[in-house]
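Read through the structure below, which is laid out as structure tokens, and then see the notes.
The values are calculated or read from the model by the stated rules, or taken from the named source; none is laboratory data. All values reported here derive from a predicted model rather than from experimental measurement. Positions of Cβ are generated from backbone atoms using ideal geometry, with glycine treated the same way; all protein chains shown enter the neighbour counts.
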Amino acid sequence: MTIKQLIVVLLFCACAALPASAHGNWDDFGANVTSNNVRAFTKDLGGLIGSGTYTTGRILGWGGFQIGPRAGMIFKMSEGHGDTSAERNHTALGDRDEVGSVFSPWLQADIGMPFRLDGFIRASSYQGLTIAGGGLRWGITRPSEVLGSLQPMLVLAAHSASAQDFSATHYNASLVLSMKFKYFVPYIGGGIDYTTLNIGNGILAADLRGTREHAATARATAGFNFKLPSYMDLSLAANYAHYGMGAEASLSLRF
């Protein structure tokens, strides 16, 4: 199987799995957001946008380049507030069980720069939500190719997002630690996602029209980056944030 065939197969499998695993539609926000669930939604959105910013586990290094599709997923949106179970399970996109998993794919490009810096940009448009942003990764120590060597890394990112009835700004700072092996790099990271949600005037909840919600939430990630033939990288990771468990993945061409 050629590398082009591999990419096509993986993308086809991912697309085929979406209807069964990700049901949330961001256009449902206007009909479902309330004062009970808006803060939980803001935290969930920040955790989803912030995922996948360091799938390499290490900096690329001067002259390095990487590009490819990536994706993040919340297995189930977090509960809101309320006196009854029905109120707590009614999220800003609808009933938690009916919404199911929430998925966001994007395309990301990374480039290695001097002074142990990587820059990256990313963009996504899926089910009514458009996201654009980027950031920097900085290797705190000089990277080493010695097997077993550690690489601490600082990641800073900023994004903007928009949907039919809301927009958002997102900022993230994360600290990552990885270890070098011959064919793969395990990594762990933790950070803070800070999100400002701007609510539109077309929603049903009159008390929230034109308001803003600010929320910060912690997110932890553990994953592996695998080197594949023909300069390909595959990254798989699990993360944990306000929403509970989530996942992220990437398949990219790396030089």
Is there any pair with a first residue in the range 79-102 that is within 17 Å of F29 (Cβ to Cβ) and a second that is assigned to a helix (DSSP H, G or I) and of a type in the set (V, I, T) whose Cβ atoms are under 7 Å apart and which are 6 or more apart or on different chains, and what are they? T91/V99; A92/V38; L93/V99
Scanning the range 216-235 for residues that are hydrophobic (A, V, I, L, M, F, W, C) and closer than 21 Å to F255 by Cβ, which turns out farthest from the chain's Cα centre (by Cα)? L228
Limited to the range 198-255, what total is found for residues that are part of a strand (DSSP E or B) and within 28 Å of Q151 (Cβ to Cβ)? 33
Among residues of the range 229-243 being surrounded by 15 or more Cβ atoms within 10 Å (Cβ to Cβ) and not hydroxyl-bearing (S, T, Y), the residue farthest from P69 (Cα to Cα) is H242
List the pairs whose first member sits in the range 144-161 and is more than 14 Å from V176 (Cβ to Cβ) and touching a residue at least 60 places away in the same chain (Cβ under 8 Å), whose second member is β-branched (V, I, T) and outside any strand (DSSP E or B), and whose Cβ atoms are under 6 Å apart, counting only residues at least 6 apart or on separate chains? H159/I49
Filter the range 6-47 for residues that are part of a loop (DSSP other than H, G, I, E, B) and modelled with pLDDT under 50; which is surrounded by the most Cβ atoms within 10 Å (Cβ to Cβ)? G24
Please verify whether the range 171-184 includes one or more residues that are touching a helix residue (DSSP H, G or I) at 6+ places or on another chain (Cβ under 9 Å) and crowded, with 21+ Cβ neighbours inside 10 Å. yes
First in the range 168-187 and in a loop (DSSP other than H, G, I, E, B), second anywhere and small (G, A, S), Cβ under 6 Å, 6 or more apart: K180/S149
Of (1) within 23 Å of F184 (Cβ to Cβ); (2) not in a loop (DSSP other than H, G, I, E, B), S160 satisfies all except one. Which? (1)
Would you mind telling me which numbered condition in (1) crowded, with 24+ Cβ neighbours inside 10 Å; (2) closer than 18 Å to M245 by Cα M73 fails? (1)
